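Worksheet for the structure shown next.
The values are calculated or read from the model by the stated rules, or taken from the named source; none is laboratory data. Computed from a predicted model, the values in this text were never measured in an experiment. Because the Cβ atoms are built from the backbone with ideal geometry, glycine has one as well, and the counts that use them run over all protein chains shown. Surface accessibility is based on the protein's heavy atoms, side chains included, excluding ligands, DNA and RNA. Shrake-Rupley method; radii C 1.70, N 1.55, O 1.52, S 1.80 Å.
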Amino acid sequence: MSKLKYQTLTGMHDILPDDFIYFNRVLRAVESVARYYGFSRIETPVLEFAEVFAKGTGAGTDIVEKEMYTFRTKGGDLVALRPEYTPVIMRSYLEHGMHNLPQPVKLWYQGPCFRHERPQAGRYRQFNQFGFEVLGEQKASVDGQIIQMSYGVMKELGFKNITIEVNSIGDSECRPYFKKILTSYFKSRRSALCPDCQRRLKENPLRILDCKEEKCQRVKAGAPQIIDHLCENCHKHFKNVLEFLDELELPYSLNPYLVRGLDYYTKTVFEIVENSEDGKTQGTLMGGGRYDGLSKILGGRDVPACGVAGGMERIMNVLKTKGILRAEKPESKKAQEQKQEDAKIFLAQLGEMAKRKSMKLFEEFRAAKIPIAESFSKDSLKAQLRSADKMGAKWVLIFGQKEALEDFITLRDMETGAQKEIKLDKVVEEMREKLNSIKK
Ligand code: ATP
Ligand code: MG
């Protein structure tokens, strides 16, 4: 096959009608969990000042350093396509004075994010994230609730084989000291690290723990663990979070090397993976944690916060390959059938003028919220009546040339074959009465 001239950009993809079975299922699960826990939806622009991420996500992160789509606008602003939501949600919270609302403020979102990554399974350059964020509350119960909600979405979608990996990465009190210990550990094994990590050793040794290279993973296995070095406050908080998870009977496991790739996290971090082969190929499905320092980094007041983000496509891919939702009808077919099920009336037309006028009539039915089927693409009356018959329409409105000229319509009862004429401006009203009479 010859290559088409225009295709989606590398790493980008269309979400086709049949993909929406999966997309909508994930979205519905997210929405129902969000509603149950009292979260309100928020959406923000796809474009932000690049600095929101350079500061918020962190200048040394992969996202900002390598993956962000950044450009200068005609007006001279340095902007970026959002690679993630969390700093943006905080930006919005601060900008709109949401600290004046009763705290905490609980928000959820869903929309596209952009990262210029090397495309591979579950890794796209435009993908959809959803997430839950709780702002203005420092209690460990919030961390517990965020993890519970994340697990809840997975459960709602029918996943059975889920693990939650949890860790605490401390805060500004205990982390600097731990970084020193970690640095000296890695320094003595420098040559065994990948070139990227040799550089990370100078900038942020924690990030080495997040490296996906095999050789670094081996070095990592013997590294000191931050949970042994948490300050009293962080230790207590983490203990509390784990107590909540125990109470909720969530299947979590401690991963002392989990750090996550973002700068703003403090204390709790967690990730959710599906354990089958398909699940593992997709990587982390959801990840999150506490980010008590983010607000101040963005120039705001002190706002403790905690949240999670999930990847729609990764979850959709696992649902697809595991066949969890395979029994459902394709969305395209469903839309067609739905329309046919709802409509008891079929609008048939013959001739150019009738077609134009019947399109207008169709809009009048829509405004009156009366479902009506049509076949504007067909010209032969016979073919249209066949369609009407096939979908089981009770009545057909026939709009021919004579009708169009004299502003009336012919109504045919499909069961009895009886026909009658109705003035055009009375059609909607009369059909509503007919529908009401069969409802009774
Ligand atoms: P990874 O370690 O796999 O690169 P991440 O830590 O960069 O993930 P986050 O920034 O935490 O991911 O984003 C939250 C979720 O968004 C991830 O758990 C994943 O499901 C999804 N996600 C992240 N990057 C991509 C991508 N390039 N394509 C599709 N989904 C993604
Ligand atoms: Mg990443």
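Below are the figures for this structure:
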item	result
Some residue of the range 208-219 being open to solvent by 20 Å² or more (accessible area, probe 1.4 Å) and under 27 Å from Gly307 (Cβ atoms)	yes
Pick from the range 25-58, criterion assigned to a loop (DSSP other than H, G, I, E, B) and surrounded by 13 or more Cβ atoms within 10 Å (Cβ to Cβ), ranking: nearest to ligand 2 (Cβ to nearest atom)	Val46
Checking Ile89 against (1) within 16 Å of ligand 2 (Cβ to nearest atom); (2) open to solvent by less than 40 Å² (accessible area, probe 1.4 Å), the condition it does not meet	(1)
Number of the condition not met by Thr70 [criteria: (1) within 16 Å of ligand 2 (Cβ to nearest atom); (2) closer than 23 Å to Arg118 by Cα; (3) not aliphatic (A, V, I, L, M)]	(1)
Residues that are under 22 Å from Met68 (Cβ atoms), away from ligand 2 (no atom under 16 Å from the Cβ) and open to solvent by 40 Å² or more (accessible area, probe 1.4 Å), drawn from the range 95-139	Glu95
From the options Glu364, Glu429, residue that is touching a residue at least 60 places away in the same chain (Cβ under 8 Å), in a helix (DSSP H, G or I) and among the acidic types (Asp, Glu)	Glu364
Residue in the range 115-129 that is closer than 26 Å to Leu27 by Cα and away from ligand 1 (no atom under 12 Å from the Cβ) present	no
Selection count where residues are in a strand (DSSP E or B) and of a type in the set (Asp, Glu), scope the range 270-287	2
Every pair of residues 6+ apart whose Cβ atoms lie under 6 Å, when the first sits in the range 255-277 and is under 17 Å from Arg175 (Cα atoms) while the second is at pLDDT below 90 and within 14 Å of ligand 2 (Cβ to nearest atom)	Val259/Asp210; Gly261/Thr61; Gly261/Asp62; Gly261/Asp210; Leu262/Thr61; Asp263/Thr61; Val269/Arg260
Odd one out for Thr73 among (1) crowded, with 16+ Cβ neighbours inside 10 Å; (2) hydroxyl-bearing (Ser, Thr, Tyr); (3) over 23 Å from Asp263 (Cβ atoms)	(1)
Condition check for Val79: in a helix (DSSP H, G or I), open to solvent by less than 60 Å² (accessible area, probe 1.4 Å) and more than 16 Å from ligand 2 (Cβ to nearest atom)	no
Residue in the range 222-243 that is in contact with a Lys or Arg (Cβ under 6 Å, 6 or more places away or on another chain) and modelled with pLDDT under 95 present	no
Of all residues making up the range 234-255, the number that are surrounded by fewer than 17 Cβ atoms within 10 Å (Cβ to Cβ), under 27 Å from the mean Cα position of the chain (by Cα) and more than 21 Å from Leu206 (Cβ to Cβ)	3
Residue within the range 172-195 that is among the hydroxyl-bearing types (Ser, Thr, Tyr), under 34 Å from the mean Cα position of the chain (by Cα) and open to solvent by less than 30 Å² (accessible area, probe 1.4 Å) present	no
Boolean, Lys202 is without any contact (Cβ under 8 Å) to a residue 24 or more places away in the chain and in the same structural domain as Gly307 (by TED's automatic domain parsing)	no
Test: residue in the range 1-24 that is outside any strand (DSSP E or B), closer than 23 Å to Ile89 by Cβ, open to solvent by 80 Å² or more (accessible area, probe 1.4 Å) and not charged (D, E, K, R)	no
Residue match in the range 93-110 (condition: within 13 Å of ligand 1 (Cβ to nearest atom), at pLDDT 95 or above and more than 30 Å from Lys239 (Cα to Cα))	yes
Residue count, the range 55-75 (criterion: within 11 Å of ligand 1 (Cβ to nearest atom) and aliphatic (A, V, I, L, M))	1
Residue satisfying all of: in the range 145-157; out of contact with any Leu (no Cβ under 6 Å at 6 or more places or on another chain) and under 27 Å from Leu94 (Cα atoms); surrounded by the fewest Cβ atoms within 10 Å (Cβ to Cβ) among these	Gln145
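For every residue, the table says whether it meets (1) touching a strand residue (DSSP E or B) at 6+ places or on another chain (Cβ under 6 Å); (2) exposed (fewer than 14 other Cβ atoms within 10 Å of the Cβ).
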position: Ile345; (1), (2): yes, no
position: Gln349; (1), (2): yes, no
position: Ile372; (1), (2): yes, no
position: Leu385; (1), (2): no, no
position: Ala393; (1), (2): yes, no
position: Ile398; (1), (2): yes, no
position: Lys423; (1), (2): yes, yes
position: Val428; (1), (2): no, no
position: Glu433; (1), (2): no, yes
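Conditions tested, residue by residue: (1) under 16 Å from Lys426 (Cβ atoms); (2) of a type outside the set (Asp, Glu).
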{"site": "Ile345", "(1), (2)": "yes, yes"}
{"site": "Ala348", "(1), (2)": "no, yes"}
{"site": "Glu352", "(1), (2)": "no, no"}
{"site": "Arg356", "(1), (2)": "no, yes"}
{"site": "Met359", "(1), (2)": "no, yes"}
{"site": "Glu363", "(1), (2)": "no, no"}
{"site": "Ile370", "(1), (2)": "yes, yes"}
{"site": "Leu381", "(1), (2)": "no, yes"}
